[in-house]
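Read through the structure below, which is laid out as structure tokens, and then see the notes.
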Amino acid sequence: MRGLPDRQRQHSLLPLLHAFARPEKPLSGSALPADQFRAGVRAAALNKENDIPHLSQDLITKYVADLRSQRLL
């Protein structure tokens, strides 16, 4: 990643790698339990299903196309 042109390097994971330089202490369970997350999503009433939104194939395809147009993929 360090060999990437500056523009691409700025949009890579390189700036975030320091966060993973040393392993964190293990947790028992999850840092954000799914039940609490789901309850928060339901309370926010984000969609008609009142549940965690799912990513459609069309949306994923759009994200990939956008990343390619920015030459990040």
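The values are calculated or read from the model by the stated rules, or taken from the named source; none is laboratory data. Keep in mind the model is a prediction, meaning the values are calculated, not measured. Ideal geometry is used to build each Cβ from the backbone, glycine not excepted, and the neighbour counts take in all protein chains shown. What goes into the accessible areas is simple: the full protein's heavy atoms, side chains included, and nothing from ligands, DNA or RNA. Shrake-Rupley method; radii C 1.70, N 1.55, O 1.52, S 1.80 Å.
Measuring r between the beta carbons of Val41 and Ala21 and using R0 = 22 Å, the FRET efficiency lands at 0.10. Accessible-area rank, largest first, for Val64, Val41: Val64, Val41, with all protein chains present and a 1.4 angstrom probe.
Rounded to the nearest 20, the Cβ-based charge dipole of the chain about its Cα centre (Lys and Arg +1, Asp and Glu -1) stands at 340 debye. So I have [x] 12.4; [y] 16.1; [z] 13.2, and one of them is Kirkwood radius over Cα pairs in Å calculated from this model. Which one is it? Comparing each candidate, only [y] matches the computed number. Toward the positive end of the charge dipole of the chain, with +1 on the Cβ of Lys and Arg and -1 on the Cβ of Asp and Glu, the farthest Cα among Leu32, Pro53, Ser69 is that of Ser69. As I understand it, the value is the acute angle between the Cα axis of helix 57-69 and the longest principal axis of the Cα atoms of the chain; what does it come to in degrees, rounded to 10? The helix 57-69 is inclined about 20 degrees to the chain.
How much of the accessible area of the chain, probe 1.4 Å, is carbon plus sulfur, in whole percent? Numbers along the way, then the final one.
Numbers: 3990 of 6900 Å².
Within the chain, the accessible surface is 58 percent carbon and sulfur.
Against the main long axis of the alpha-carbon atoms of the chain, helix 34-44 sits at an angle near 80°.
Normalised by the number of residues in the chain, the mean separation of alpha-carbon contacts (under 8 Å, six or more apart) gives a relative contact order of 25 percent. For the range 22-42, there are no residues whose amide N sits under 15 Å from a probe point set 7 Å from the Cα of Ile60 along the beta carbon direction. Average accessible surface for the chain: 95 Å² per residue, computed with a 1.4 Å probe over protein heavy atoms with every protein chain in place.
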